[in-house]
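A.B. asks: Just passing along the structure, written as structure tokens.
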Amino acid sequence: MEASRKLVRTFGGMILFSLECLVLTFQNKTKWNQVVEQIFQVGVRSLGMTITAGLFVGAIMAIQIDLQLKDFGAEAFLGGLSTSATLRNVGPVLIAFLLSGKVGAYTSAELATMGVTEQLNAIRLLGANPIEYIILPRIWAVVISSFLLLIVGLMMTIFGGVMFAEIIGVNALNYIYNIPSIVTGWSIALSVVKSFLFGVLIAVVSCYKGYYARGGSVGVGAAVQSCSVTNLMLIILFDFLLSMASSTLQDLFNVGYL
Amino acid sequence: MIVIEKLSKSFTNLKVLNEISFSVPSGECLFVLGKSGVGKSVLLKHIVGLETPDSGSVIVGNKKVDVSDIVILSQIRKQCGLVFQFPALLDSVTVFENISFGLRARGLLKNSKEIEIRVKEKLSLVGLDESIVEKYPSQLSYGTQKRVSIARTLAVEPEYLLFDEPTTGMDPIATTGLNQLIKKLTAQLKITTVVVSHDIKSALAVADRIILLENGKIVFDGTPEKFKSTTVKLAQEFQMGF
Ligand SMILES: Nc1ncnc2c1ncn2[C@@H]1O[C@H](COP(=O)(O)OP(=O)(O)O)[C@@H](O)[C@H]1O
Ligand SMILES: [Mg+2]
């Protein structure tokens, strides 16, 4: 009972928090030069990691799908099937996990520290709104950089798959030619939608958890922990919901399943 | 004038403030003394609406502090400058940007030349050299950060100055400098000052009046002279300690 009340309070709080940020954004309160600065702070520094991870995720998926296709002598479909599975599900989820660790933890720890050292209170007393001054630039920077990093990471998964195919003797060109015959625009749209939504999730959860941290360095630790767990759970949950929604819609419009 | 009336505040099972009442007339320098954890910081935060009372009220000037009334609250915060116990400097921006933050957020000074003059003026007031303006807080010692934090509060030139343990962690020379500054501000500019502290030496040197807190209650309220001769046990302990 207590736990479910806490859950409702957290989600209610996050929705109100997002709405406040949206309202301030529509009131043109975002300092976009600070957003750009923050994108460099949190986004650009994660580029190398995302590229590496993307390559490996693509390769891992190619290994796995190849194992399954071999038995049926269907390795010609490797490119399409492994790319589809990666783009639709595994890629966005795994890369979002990584980003929630890197970008999310950084942001929540930074904000929580600002809170417990009274920096946010100091801003309030000096006549500014910390949501406008501190949160808005960070939330947009995290949304934008997570989204872009996810797209870059997903493109790298395709390269990873191609590279691995070449290693195991599936002709890289065949692998690539097979991709468009299986991967539909729908799959690409789904992976873009997921990337955007995961970016929003990471941004809202991390900023919310950091902003409301209380109680010294213990509070910072608790906030970052809670931020990680909430991010991971919500990414999984929304991946499930979006995949369900997508297959229902694909049924409805009869556009095939891959 | 600050009026605190029957202010009570508890955290979970801990009653920190228990129906505290006192008032600070304009131009007075009041020291609120008490041991660590007695609720000095909590008391100060009520004056600027960073804590909400369980019961009782706080009046600043002629306005009642009410966190649900954003307009009144922001007017009160405009009049009050609070120097936090810890420096609370924004660590992502420079000393200059920290000190000028309130000036810009409030739109008090528009001209960048004026802002620069104001920043340098307040820096020298707290005994700091203007060469540190481009440094980041993490590059400064704790005592210097604290002085920058005081300069930041002074920059917006508030009518009420609230200090939370201003001299804790400062060297003796800086402490003397700060005490003289507080004295000067109250005497010349008729600023109303509330200092919460356990620094009895500074209190005796600077205060017009001393209040002593213990277990959520006021156990002494009077001039420094009276404080020296009172029979209140905690007041005597405080003086023996120094
Ligand atoms: N936000 C809070 N939540 C719970 N307890 C608090 C909070 N703020 C202060 N306290 C507790 O209230 C008491 C008084 O705190 P404080 O005013 O900081 O003491 P001090 O006199 O040293 O400044 C302490 O026991 C502290 O732990
Ligand atoms: Mg304190």
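The values are calculated or read from the model by the stated rules, or taken from the named source; none is laboratory data. Just so you know, these numbers come straight off a predicted model, no measurement behind them. So basically every Cβ, Gly included, is an ideal-geometry build from the backbone, and we count neighbours across all protein chains shown. Accessible surface areas use protein heavy atoms only, side chains included; no ligands, DNA or RNA. Shrake-Rupley method; radii C 1.70, N 1.55, O 1.52, S 1.80 Å.
A.B. asks: Taking all protein chains as present, what is the carbon and sulfur share of the accessible area of chain B, in % to the nearest whole number, probe 1.4 Å? Please report the intermediate quantities before stating the final value.
C.D. replies: Working: 5630 of 10900 Å².
Its accessible area is 52 percent carbon and sulfur atoms.
A.B. asks: Still on this structure: Please compute the Kirkwood hydrodynamic radius over region A:8-59, one decimal place, Å, based on all pairs of different Cα atoms.
C.D. replies: Working: mean 1/r = 0.0723 Å⁻¹.
Kirkwood hydrodynamic radius for region A:8-59: 13.8 Å.
A.B. asks: Using a probe radius of 1.4 Å on heavy atoms only, what accessible surface per residue do you get for the protein assembly as shown? Whole Å² is fine.
C.D. replies: Result: 46 Å² per residue.
A.B. asks: Label B:GLU130 and B:GLU237 with points 7 Å out from Cα along Cα→Cβ: what is the distance between them in nm?
C.D. replies: 4.8
A.B. asks: So if I take the centroid of the Cα atoms in region A:188-258 and the same for region B:10-82, what is the distance between those two points in Å?
C.D. replies: The two parts, judged by their Cα centres, are 41 Å apart.
A.B. asks: How big is the accessible area of B:ARG77 in square angstrom, nearest 10, if you roll a 1.4 angstrom probe over the protein chains?
C.D. replies: 30
A.B. asks: Does region A:31-253 come out rounded, prolate or oblate by the C-alpha gyration tensor, with a ≥ b ≥ c the root eigenvalues, rounded set by a/c under 1.5 and, if not, prolate when a/b is larger than b/c and oblate if not? Mind showing how you got there, number by number?
C.D. replies: Details: a/c = 2.64, a/b = 2.42, b/c = 1.09.
Here region A:31-253 falls in the prolate category.
A.B. asks: Another question about this same structure. Taking each full run of DSSP H in chain A as one helix, which ones are at least 24 Å long along their axis (Cα atoms) and have mean Kyte-Doolittle hydropathy of at least -1.0?
C.D. replies: Span-like helices in chain A: A:2-26, A:47-70, A:136-167, A:185-211, A:216-253.
A.B. asks: Restricting to bridges with both residues inside the protein assembly as shown, how much of the DSSP beta-bridge set is antiparallel, in percent to the nearest 5? Intermediate results must be reported in sequence, preceding the final value.
C.D. replies: Details: 19 of 37 bridges.
Beta bridges within the protein assembly as shown, antiparallel portion: roughly 50 percent.
A.B. asks: Still on this model: In chain B, what percentage of the DSSP-assigned beta bridges are antiparallel, given to the nearest 5?
C.D. replies: On the way: 19 of 37 bridges.
Once the DSSP bridges in chain B are tallied, antiparallel ones form about 50 percent.
A.B. asks: Using the Cα gyration tensor of region B:129-242, with a ≥ b ≥ c the square roots of its eigenvalues, what is the shape: rounded (a/c below 1.5), prolate (a/b larger than b/c) or oblate (neither)? Walk me through the intermediate numbers first.
C.D. replies: Details: a/c = 2.38, a/b = 1.79, b/c = 1.33.
Prolate is the answer for region B:129-242, as a/c is 1.5 or above and a/b outweighs b/c.
A.B. asks: If I fit a long axis through the Cα atoms of helix B:70-79 and take the longest principal axis of the Cα atoms of chain B, what angle between them do I get, 0 to 90°, rounded to 10?
C.D. replies: Relative to chain B, helix B:70-79 is tipped by roughly 80 degrees.
A.B. asks: First obtain the Kirkwood hydrodynamic radius of region A:19-120 from its Cα pairs, then insert it into the Stokes-Einstein equation at 25 °C and 0.890 mPa s, and state the resulting D in µm² per second as a whole number.
C.D. replies: Working: Rh = 16.8 Å.
The Stokes-Einstein estimate is 146 µm²/s.
A.B. asks: Among A:123-131, A:171-179, B:133-141, what's the highest-first ranking by average C-beta atoms within 10 angstrom per residue?
C.D. replies: Numbers: A:123-131: 20.3, A:171-179: 16.6, B:133-141: 14.3.
Top to bottom by mean Cβ count within 10 Å: A:123-131, A:171-179, B:133-141.
A.B. asks: What is the sum of charges around B:ALA187, taking Lys and Arg as +1, Asp and Glu as -1, for the other residues whose C-beta is under 13 Å from the C-beta of B:ALA187?
C.D. replies: On the way: positive: B:LYS183, B:LYS184, B:LYS190; negative: B:GLU28, B:ASP208.
Residues near B:ALA187 contribute +1 overall.
A.B. asks: Quick check: the angle from helix B:95-105's long axis to the longest principal axis of chain B, C-alpha only, nearest 10 degrees?
C.D. replies: Tilt of helix B:95-105: around 80 degrees.
A.B. asks: May I pose another question? Quick one, what does Rg over Rh come out to for the protein assembly as shown if you take C-alpha atoms and the Kirkwood Rh?
C.D. replies: Values: Rg = 29.2 Å, Rh = 26.0 Å.
Using Cα coordinates only, the ratio equals 1.12.
A.B. asks: Using only the alpha-carbon atoms, how far is helix B:112-125 inclined from the longest principal axis of chain B? Give it as 0 to 90 degrees, nearest 10.
C.D. replies: Tilt relative to chain B: about 50 degrees.
A.B. asks: What is the extension gain from A:MET49 to A:VAL229, computed as 0.36 nm multiplied by their sequence separation minus the C-alpha to C-alpha distance, in nm to one decimal? Display every interim value, and only then the final one.
C.D. replies: On the way: separation 180, 0.36 × 180 = 64.80 nm, distance 2.09 nm.
The A:MET49-A:VAL229 span can extend by a further 62.7 nm.
A.B. asks: How much net charge surrounds A:ALA165 when only other residues with a Cβ under 14 Å from its Cβ are counted (Lys, Arg +1; Asp, Glu -1)?
C.D. replies: Numbers: positive: A:LYS70; negative: A:ASP66, A:GLU75, A:GLU166.
Counting the neighbours of A:ALA165, the net charge comes to -2.
A.B. asks: Give the span of chain B's Cα atoms along each principal axis, as three whole-Å numbers ordered largest to smallest.
C.D. replies: Principal axes ranked by extent give 53, 42, 35 Å for the Cα atoms.
A.B. asks: In chain A, carbon and sulfur make up what percent of the accessible area (probe 1.4 Å)?
C.D. replies: In chain A, the share of accessible area belonging to carbon and sulfur is 72 percent.
A.B. asks: Compare A:ILE188, A:ILE39, A:ILE235 in a GNM of chain A, Cα atoms joined below 10 Å, and give the one with the largest fluctuation.
C.D. replies: Residue with maximal mean-square fluctuation among A:ILE188, A:ILE39, A:ILE235: A:ILE188.
A.B. asks: Can you tell which of A:LYS209, A:LYS29, A:LYS102 shows the greatest fluctuation in a Gaussian network model of chain A with Cα springs below 10 Å?
C.D. replies: Result for chain A, Cα springs under 10 Å: A:LYS29 fluctuates most.
A.B. asks: Next up: Nearest 100 Å² is fine: what is the total accessible surface buried where chains A and B meet, probe 1.4 Å? Present the calculation step by step, with values, prior to reporting the outcome.
C.D. replies: Working: alone 13050 and 11590 Å², together 23200 Å².
Interface between A and B: roughly 1400 Å².
A.B. asks: For region A:125-174, list whatever residues lose no less than 40 Å² of accessible surface once every protein chain is in place, relative to that chain by itself, with the probe at 1.4 Å.
C.D. replies: Residues losing area: A:LEU125, A:LEU126, A:TYR133.
A.B. asks: I've got another one for you. With every protein chain left in place, what is the accessible area of B:ILE150 in Å² (1.4 Å probe, nearest 10)?
C.D. replies: Number for this one is 0 Å².
A.B. asks: Filter the cross-link list B:LYS78/B:LYS190; B:LYS6/B:LYS63; B:LYS6/B:LYS64; B:LYS35/B:LYS190; B:LYS63/B:LYS122 down to pairs whose alpha-carbon distance in this structure exceeds 22 Å.
C.D. replies: Among B:LYS78/B:LYS190; B:LYS6/B:LYS63; B:LYS6/B:LYS64; B:LYS35/B:LYS190; B:LYS63/B:LYS122, the Cα-Cα distance tops 22 Å for B:LYS35/B:LYS190; B:LYS63/B:LYS122.
A.B. asks: A further question follows. Leaving ligands and nucleic acids out of the surface, order B:ASP208, A:ASP71, B:ASP164, B:ASP199 by accessible area at 1.4 Å, largest first. Intermediate values should be presented prior to the final figure.
C.D. replies: Numbers: B:ASP208 80, A:ASP71 135, B:ASP164 10, B:ASP199 35 Å².
Ranked from most to least accessible, the order is A:ASP71, B:ASP208, B:ASP199, B:ASP164.
A.B. asks: While we're here: Which shape class, rounded, prolate or oblate, goes with region B:90-157 when its Cα gyration tensor gives a ≥ b ≥ c as root eigenvalues, a/c under 1.5 marks rounded, and past that a/b bigger than b/c marks prolate?
C.D. replies: On the way: a/c = 1.75, a/b = 1.49, b/c = 1.17.
Prolate, because a/c is 1.5 or more and a/b exceeds b/c.
A.B. asks: Here's a follow-up. Under 10 Å, Cα contacts only: if you run a Gaussian network model on chain B, which one of B:PHE84, B:PHE101, B:PHE11 comes out with the highest mean-square fluctuation?
C.D. replies: B:PHE11
A.B. asks: Near A:SER108, within a Cβ-to-Cβ distance under 15 Å, what is the net charge of the other residues, with Lys and Arg +1 and Asp and Glu -1?
C.D. replies: Values: positive: A:LYS102, A:ARG138, A:LYS209, A:ARG214; negative: A:GLU110.
Here the charged neighbours net out to +3.
A.B. asks: B:GLU114 versus A:VAL8, label points 7 Å from Cα toward the beta carbon: distance in nm?
C.D. replies: 5.2
A.B. asks: Let me ask something additional. Counting only helical runs of four or more DSSP H residues, what would the 222 nm mean residue ellipticity of chain B come to if each run contributes -39,500 (n - 2.57) and the total is spread over all its residues?
C.D. replies: Helix-only estimate at 222 nm: -12000 deg cm²/dmol.
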